[in-house]
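Worksheet: one structure, shown below.
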Amino acid sequence: MDQAQLIAALGDIVGSRFVLHDPQQLRAYDCDGFTIQRRLPRAVVLPGSTEEVARCVRLLAAHRIPFIPRGAGTCLSGGTVPRGDEVVIALTRMRRLLEVDLRNRRAVVEAGFVNLHLTEAVQQHGLCFAPDPSSQYACTIGGNVAENSGGAHCLKYGVTTNHVTGVKYVTWDGEILELGGKATDLPGYDLVGLLTGSEGTMGIVTEVTVKLTRLPQGVKTVLALFDSVEQASRAVSGIIAAGIVPAALEMMDRTAIMAVERGNFPVGFPEGQEAVLLMEVDGLETGLEEQAAAMEAICREAGCTDVRIARSEEERARWWANRKTAFGACGRLAPNYYVQDGVIPRSRLAEVLAEVHAIAERYGLIIANVFHAGDGNLHPVICYDEKVPGMVEKVVRAGSEILAACVRAGGSISGEHGIGVEKLADMHLVFGPEDLAVQAAIHRVLDPLDLSNPGKLLPTPGRCAELKSEAIPTVST
Amino acid sequence: MLQLSERALAEIESCVHCGLCVEACPTYRELRVEGDSPRGRIHLIRSLVQGLAEPNEALLAHLDRCLACRACETACPSGVRYGAIIEDARAALETRRRRSLAASTARRFFFRGLLPRPRRLRAMARILRLLQRTGVDRLARRTGLLPEPMAAFAEVVQVPDRFGQNVLPERIAPAGECRYRVALLTGCVMDVLFGPTNVATARVLARNGCEVLVPREQVCCGAVPLHAGDREAARQMARRNIDVFLATGADYIIVNAAGCGSTLKEYPWLLAGDPAYAEKARQLAAKVKDVTEFLAEIDLVPPKGPVEADVVYQDACHLAHAQGIRIQPRQVLQKIPGLRLRALADAGACCGSAGIYNLVQYDLSMQVLDRKMEAIAAARPEIIVSANPGCILQLRLGVKRFGLKAEVLHVVDLLDRAYQAAEVREGERQWIRHS
């Protein structure tokens with residue numbers, strides 16, 4: 001099947017205006033939030049229903065053409081970056097809220113439904129969708145399922161997989177299956193759990209049944225300023241040790257603070273502030289004051305220079321907008337960014353951050369740290385300019401070193417952003433060949449011909465070393 | 001490879017491709033295609049600059065579909081000034097664009113022959129008015145002589161009896177003590193289609209202790225050619241306005257059209273490369289205030305007359321996103337007794353008017369408008385208020401499309417109505433006759 005026939009056949013399924021194939025147009029789809037590797041897809045198709053997705057997949061599978069499911073393209077690990085021969089199946093038109101079941105606290109959405117829109121749709125009933133990645137203004141729930149996304153409030157409420165009870169799903173060869181449902185903990189293998197976090201490598205989730213969470217009766221948000229990351233880290237450990245379960249516990253270091261203060265949503269932190277902690281407790285009103293006061297006291301004991309409790313919802317919203325736009329605000333520091341996603345034991349925060357700092361020094365790079373301190377999920381953001389010769393190689397190497405440091409500290413290479421193409425070569429840091437072989441065997445059951453988002457998540461055996469160097473050539477035409 | 005200004009390149013460099021802007025974009029919301037999102041458009045322009053893409057029809061269509069509403073600027077974490085990027089790219093691409101002879105002649109006539117010449121503009125408006133009064137326009141619509149976009153707007157565009165410039169004296173004395181000396185930008189479309197609103201603006205300002213100057217020699221601010229890629233035409237108009245308005249010695253230049261206000265405030269960018277005018281442009285821009293911005297800052301004389309109505313305020317994009325003015329118009333409205341300001345979902349999303357967008361991208365513009373009208377209909381207003389002539393026309397068309405009963409007015413129309421109501425009641429003398 002040549003390109004013209006393929007385009008015509010896809011057009012027959014979805015309507016020709018929903019097939020993009022002009023190379024100049026496809027340029028917009030050459031990467032996602034991870035911009036180090038960029039290649040044009042073969043075409044982009046925008047189906048409007050599960051049935052259309054299935055027919056597209058059947059056509060592609062019959063001709064052994066690989067495909068990539070894509071939502072809003074906010075992925076930070078290159079989960080939707082083409083190798084060059086795939087058809088991108090963009091689910092952005094599938095954005096209906098199919099059902100809100102208030103009595104069972106479930107919602108059914110199409111995969112392209114935007115994360116934040118779900119909370120906006122149900123908050124009038126005192127409910128929300130708990131997983132709140134910082135990209136929630138734009139990212140889709142289908143994408144959240146693919147990446148098993150987290151977010152600031154996942155410390156208390158859990159990540160996406162804890163909130164998905166069922167999916168409608170198109171298999172690698174175009175069959176439509178319904179897995180799970182509104183009930184939790186079905187007998188047998190947890191296939192919904194398997195698909196959640198599979199990064200699109202096992203077919204395409206087109207509809208998602210999610211839990212809705214009761215909005216807490218009360219919220220207290222506390223902001224504390226510190227003269228050093230060490231002091232702030234001490235406060236984090238202190239809060240956890242005191243038995244407080246914050247809904248969120250976020251830290252930003254000096255460089256990240258500089259970025260957000262220059263960006264569009266500044267809070268007004270003092271110039272040169274070394275660290276801030278943004279903390280939140282929520283739940284029943286009773287006892288919240290005490291918890292907030294306890295956090296305040298712990299911060300003071302750890303040596304904070306200033307600590308405030310949000311006086312209004314407006315102030316709280318401003319603090320959160322500041323935190324949630326921190327990655328993007330790094331555009332104020334340099335033209336490109338590479339966001340890391342290492343996980344470490346909370347107790348070793350200060351030490352690993354010092355190591356990240358040392359890596360930044362050694363490579364002469366700007367690294368902003370903005371992260372979920374409560375669950376030890378680091379997000380060092382390497383800020384750079386891709387136009388500087390040799391810079392991208394340096395950035396990729398520094399990124400690997402940071403991940404290696406996280407693993408040495410007893411952690412892992414990804415908290416919530418996924419492996420994508422970005423961390424393929426780092427998989428060996430956490431998995432041996434046997435582990436990877438088991439994962440590959442599971443993958444083969446659900447995608448035997450490796451057509452569903454190939455080249456993501458699982459490294460091809462023996463190719464780890466080559467992968468990092470492959471990741472470097474940046475742009476192809 | 002596409003050559004852009006330093007400023008546009010710097011803005012492109014501030015975009016790290018995070019994608020938090022996409023859902024803020026009205027065209028992305030309708031089309032769901034990356035190339036029709038702010039991030040996608042920046043990426044395409046960046047690719048053109050780097051020589052990785054060619055400006056063929058398919059690519060240009062994505063850029064053409066941008067409303068330039070700048071809602072993405074409000075959403076952007078790092079504060080990328082997207083407006084500067086798209087404006088610069090459009091100007092740079094225009095030079096190598098092949099347009100039909102008819103299209104390029106029309107553009108030239110409109111941008112260079114009509115907008116900078118208020119007398120011609122008024123003459124055209126008079127002809128249009130004559131056609132409307134004699135019913136020829138209805139005939140043209142019915143016989144299909146007028147193509148669809150024109151026909152649709154012909155229904156909502158009603159040329160009023162008098163133009164602002166013909167009614168307003170060059171100097172209007174303040175009511176009572178003189179607190180401010182201001183000059184009024186009467187605009188192009190604003191003055192011929194919304195003369196009464198210009199008069200109302202002058203009246204409201206004078207009511208609040210302003211000596212109001214109405215320079216006769218002012219011209220269109222240049223926004224329309226600027227957004228369509230004819231920068232040189234815009235520069236000519238900017239220079240003229242700078243000379244005219246600085247010469248008045250006014251403390252403030254008051255603008256009641258959001259698109260014009262943002263253009264005037266951005267004259268320093270437009271004329272950055274002009275040594276003779278760069279500094280003057282900065283001086284002028286520092287004095288420019290939207291009328292709602294000004295009225296919210298001064299100690300507004302409380303309007304006494306009640307306006308008993310359910311009202312929604314639709315943000316004008318070039319007020320909310322380009323100038324960051326969102327609270328002020330609402331504050332002004334809330335000072336009107338009896339007025340019930342209702343919440344409008346997504347009030348900051350564009351109505352699809354966007355300069356001449358609703359003529360050149362009619363179908364998509366109507367799609368965006370219908371989305372807006374769904375939200376407005378849900379709020380059940382008796383009066384819809386905005387702060388820009390294009391938005392007001394578009395919303396009037398929307399009201400018609402949806403069969404609503406609501407009136408569509410400018411903020412100052414309503415404020416003026418409140419002052420007038422009280423004055424009529426109290427038998428006060430009207431010091432400017434209602435036109």
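Each reported figure results from applying straightforward, stated rules to the coordinates on display, with no laboratory input. These numbers come from a predicted model, not from an experiment. Neighbour counts are summed over all protein chains in view; Cβ atoms, including those assigned to glycine, are modelled from backbone coordinates with ideal geometry.
Of note:
- Table column - 3J(HN,Hα) (Hz), the range A:246-258, Karplus curve with 6.51, -1.76, 1.60, x for Gly and Pro: x, 6, 8, 8, 10, 10, 10, 9, 3, 5, 5, 4, 4
- Label zone at B:Arg126, where the point sits 7 Å out along the Cα-to-Cβ direction: the range B:161-177 residues whose backbone N lies under 20 Å: B:161-170
- Peptide A:332-343 shows a mean partner chain C-beta count of 3 within 10 Å per residue C-beta.
- Descending semi-axes in Å of the range A:236-291, equivalent ellipsoid built from Cα gyration tensor: 27, 13, 8
- Only lysine pairs 8 or more places apart, or on different chains, with alpha-carbon atoms under 23 angstrom apart are counted in chain B, and they number 8.
- Calculated over the range A:405-451: convex hull of Cα atoms, volume per residue (Å³): 96
- Taken about its Cα centre, chain B carries a charge dipole of about 1160 debye when Lys and Arg each add +1 at the Cβ and Asp and Glu each add -1 at the Cβ.
- Equivalent ellipsoid semi-axes, the range A:340-380, via Cα gyration tensor eigenvalues times 5, rooted, Å: 18, 11, 7
- Between 0 and 90 degrees, the angle of helix A:349-363 with respect to the longest Cα principal axis of chain A falls at about 70 degrees.
- Rel. contact order, % - alpha carbon contacts under 8 angstrom, at least six apart, the range A:344-401: 31
- Less than 5 angstrom separates the built amide H of A:Thr165 from those of A:Thr209, A:Val210, A:Lys211, all sequence-distant by 5 or more or on a different chain.
- All Cα-Cα separations within the range B:217-313 were binned at 10 Å from zero, giving a P(r) of 15, 43, 24, 13, 5, 0, each value a whole percent of the pairs.
- Residue range of chain A that is longest and free of GluC sites (Glu not before Pro) which are both DSSP loop and sparsely packed (at most 15 other C-beta within 10 Å): A:286-477
- Pairwise Lys count, chain A - Cα closer than 14 Å, eight or more residues apart or different chains: 6
- Couplings for the range A:372-377, taken from phi via the Karplus curve 6.51 cos²θ - 1.76 cosθ + 1.60 with θ = phi - 60°, read 7, 5, x, 10, x, 9 Hz in order; Gly and Pro are left as x.
- Nearest 10 degrees, 0 to 90: helix B:195-207 Cα axis against chain B principal axis: 60
- In Hz, Karplus ³J(HN,Hα) per residue of the range B:288-297 (6.51, -1.76, 1.60; θ = phi - 60°; x = Gly, Pro): 7, 9, 5, 4, 6, 4, 5, 5, 6, 7
- Length-normalised contact order for chain A - Cα pairs under 8 Å, 6+ apart - percent: 16
- Rg [Å, one decimal], Dmax [Å, integer] - chain A, C-alpha atoms: 22.2, 70
- Annotation for the range B:123-176: trypsin sites (Lys or Arg not before Pro) lying in DSSP loop with at most 16 further Cβ atoms inside 10 Å of their Cβ are B:Arg162.
- Centre separation in Å (Cα based) which lies between the range A:248-326 and the range B:169-223: 47
- For the range B:1-149, the Cα gyration tensor yields ellipsoid semi-axes of 36, 18, 16 Å (square root of five times each eigenvalue, largest first, whole Å).
- Cα-based Kirkwood hydrodynamic radius, chain B, one decimal, Å: 22.3
- Expected 222 nm ellipticity per residue - DSSP helices of 4 or more, -39500 (n - 2.57), all of the protein assembly as shown, to 500: -12500 deg cm²/dmol
- Kirkwood hydrodynamic radius computed over the range B:124-283 comes to 17.2 Å, based on all pairs of distinct alpha carbons.
- Overall shape: oblate for the range A:312-368, with the ratio a/c of the largest to smallest alpha carbon gyration tensor axis at 1.5 or above and b/c at least equal to a/b.
- Surface/4 of the Cα convex hull for the range A:384-428, nm²: 3.5
- Legend: Rg and Dmax of the range A:92-190, from Cα coordinates, 13.4, 41 Å.
- Once the Cβ-Cβ distance of A:Ala441 and A:Gln124 is raised to the sixth power relative to R0 = 41 Å, the FRET efficiency obtained is 0.30.
- Counting only trypsin sites (Lys or Arg not before Pro) that DSSP places in a loop and that have at most 12 other Cβ atoms within 10 Å, the longest clean stretch of chain A runs over A:104-310.
- Compactness of the protein assembly as shown was expressed as the Cα radius of gyration divided by 2.2 N^0.38 Å, which yields 0.99.
- Once backbone amide H atoms are built at 1.01 Å from N, B:Val288 has B:Ile253 as its partners under 5 Å, excluding neighbours fewer than 5 places away on the same chain.
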